[in-house]
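A quick write-up on the structure given underneath.
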């Protein structure tokens, strides 16, 4: 099998023919016959026992052709482009030129990598943000750790105060009629969090465990449920419990609980970690400036197919990450109301940037004669495997060596 009749009908597009010979096609047809014969009814024969010639006579010579074509097409295409020096950047579109007992001739149309020019990429000027860690930064980090170390304790000797976590039943009604979504039992609510509509939480302050009472509120005019927007509502409440979020003092004991002898040592560690984080953020800012400049210098007629393909890859990657969290793309779309096309559209700006960045860096690597060694590539596969918690062989299947050469530079 080989490429033939290769043409360039338009820029960055090639069309070519390739074939599967008589023997290959016959084996595929025979294989399909064996797998399909059991489901075909032929008068005078037990199910699955009708000879292939009888089935072809009854249903037509090409009854098994479509499945046979699907059987051989991937290998035939791969064999045809094996020694091709072109770089394809899209999935091919296939047509059948001819099909008969002598085999199949296919026609493929596929986009190719565009010619790229990049000028004045040396000496790009960028500005790195100054890194400064303030006392407020350290206090903020300590407060986060303090919140994480907090614990809820039951309150039985006082009424609800702002900041308490209450356990309530509620049922809402408008003009005496309950509405959908307006009822819950043992709902946990932090007073002052603003989780419920304005005026709701404040009216629980001062109530005691066991109290049953009404709350009067008005839904905002911009409320998401239009049938409730601007309406006055009454919620019947029963207060089951009160909890208080007790937080530790920020002192030497707190530092010891976090693995340090003194609070000053803990603060020094926090400062070092914040400094490291801000340095990495500053470096990322420099990298973004460089990438922006390179994209500006890039000259290439990039096929739209490259952007769409990259967006599709991003969508698949997002689906994989959702599955790792116990979800999938179908469930996500149900929750958000989005369609696949809308999600693809969301990924397009990032996909365009990714493609342009890759083309720019590949061109610079070519001009500077940069290449990654086998050892560097192996190390990068290992690093990727650790990062995504997958086996090395799966990393190799997920990311081509060509793409990895770029990431490891």
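The values are calculated or read from the model by the stated rules, or taken from the named source; none is laboratory data. Keep in mind that this is a model prediction, so the values were computed, not measured. Heads up, the Cβs are rebuilt from the backbone with ideal geometry, glycines too, and the neighbour counts pull from every protein chain shown.
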- Give the number of residues within the range 146-162 that are within 36 Å of the chain's Cα centre (by Cα) and at pLDDT 95 or above. 0
- Item | Count of residues meeting criterion [buried (at least 17 other Cβ atoms within 10 Å of the Cβ), farther than 30 Å from residue 305 by Cβ and under 38 Å from the mean Cα position of the chain (by Cα)] in the range 11-56 | 1
- Here, strands (runs of 3 or more DSSP E) confined to the range 105-197 with at least 1 residues that are surrounded by 10 or more Cβ atoms within 10 Å (Cβ to Cβ) and on the phi > 0 side of the Ramachandran plot are 177-190
- Task: Would you mind telling me which numbered condition in (1) touching a strand residue (DSSP E or B) at 6+ places or on another chain (Cβ under 6 Å); (2) part of a helix (DSSP H, G or I) residue 24 fails?
- Result: (1)
- Task: Among residues belonging to the range 163-188 that are at pLDDT 95 or above and touching a helix residue (DSSP H, G or I) at 6+ places or on another chain (Cβ under 9 Å), point out the one that is nearest to residue 258 (Cα to Cα).
- Result: 166
- Among (1) more than 13 Å from residue 162 (Cβ to Cβ); (2) in contact with a strand residue (DSSP E or B) (Cβ under 8 Å, 6 or more places away or on another chain), residue 229 falls short only on (2)
- Does any residue in the range 172-195 that is outside the structural domain of residue 213 (by TED's automatic domain parsing) come within less than 6 Å, Cβ to Cβ, of a residue that is modelled with pLDDT under 95 and assigned to a loop (DSSP other than H, G, I, E, B) six or more places away or on a different chain, and which pairs are these? none
- Pick out the one residue from 97, 89, 126 that is over 34 Å from the mean Cα position of the chain (by Cα), outside the structural domain of residue 268 (by TED's automatic domain parsing) and touching a residue at least 40 places away in the same chain (Cβ under 8 Å). 97
- Item | Among the candidates 61, 57, 31, residue that is farther than 21 Å from residue 113 by Cα and either in contact with a strand residue (DSSP E or B) (Cβ under 7 Å, 6 or more places away or on another chain) or assigned to a loop (DSSP other than H, G, I, E, B) (or both) | 61
- Message: So, in the range 297-328, exactly how many residues are in a loop (DSSP other than H, G, I, E, B) and either touching a strand residue (DSSP E or B) at 6+ places or on another chain (Cβ under 8 Å) or in contact (Cβ under 8 Å) with a residue 24 or more places away in the chain (or both)?
- Response: 3
- Query: Pick from 264, 214: which is surrounded by fewer than 12 Cβ atoms within 10 Å (Cβ to Cβ) and part of a strand (DSSP E or B)?
  - Reply: 214
